[in-house]
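Structure first, then comments.
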Amino acid sequence: MHQPPRRDRRLSRRMQSASTRRQAARLTVAGADVVLVGYFSAKERDFMTLMASAATELAARDARVVGQIVQRRGVSDGGAHKMGLPYSSRTLLSYGKVREVAEGCEQANADAAIFVASLTERQRCALTAILGCPAVSLSDVLADD
């Protein structure tokens, strides 16, 4: 009983993620309504300055920031060593904050959700499916120029 060799599915996943990356890079923010989402640890004291500079960068590219949402990673007992890790490896944010971002995108009729933190391909795909609009990182938008 000889079975034909199985195709390696990982290659197709890599190719699919590359096309997703190109699609995210093609997102034009000029004239778009965007929700700006920040993820910061409690150690980051000037997170509002970082959010303001990100909003300024987007405004320079003719994007309208219609909402800003911040997820702060607090310090809990024994959790100080986990400060650099996201709440969820799938969505970066906590479940409640993802729902808040989705509601904010829906209410503002946003064209995209732009994250100040960099997103992995898996996070980008999961957040796009949950939010109902493209989720991209700010570095992708800035690299498009």
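The values are calculated or read from the model by the stated rules, or taken from the named source; none is laboratory data. Everything quoted here is computed from the prediction, not taken from an experiment. Heads up, the Cβs are rebuilt from the backbone with ideal geometry, glycines too, and the neighbour counts pull from every protein chain shown. SASA here: full protein model, heavy atoms, side chains in, ligands and nucleic acids out. Shrake-Rupley method; radii C 1.70, N 1.55, O 1.52, S 1.80 Å.
Work through the residues other than Gly67 whose Cβ is under 11 Å from its Cβ and net out their charges, Lys, Arg +1 and Asp, Glu -1.
Result for the local shell: -3.
Keeping all protein chains in the complex and leaving out DNA, RNA and ligands, what accessible area do you get for Val66 with a 1.4 Å probe, in Å² to the nearest 10?
Only protein atoms counted, so the area is about 70 Å².
Over the heavy atoms of Thr128, what accessible area does a 1.4 Å probe trace out, to the nearest 10 Å²?
50 Å²
Between beta-carbons, use under 10 Å as the cut-off and find the net charge around Tyr39, counting Lys and Arg +1, Asp and Glu -1.
+2
On the full set of protein chains, 1.4 Å probe, figure out the accessible area of Cys105 and give it in Å² to the nearest 10.
Answer for Cys105: close to 10 Å² accessible.
Using a cut-off of 12 Å between beta-carbons, work out the net charge of the residues near Val116 (Lys and Arg +1, Asp and Glu -1, Val116 not included).
So the surrounding residues net to -3.
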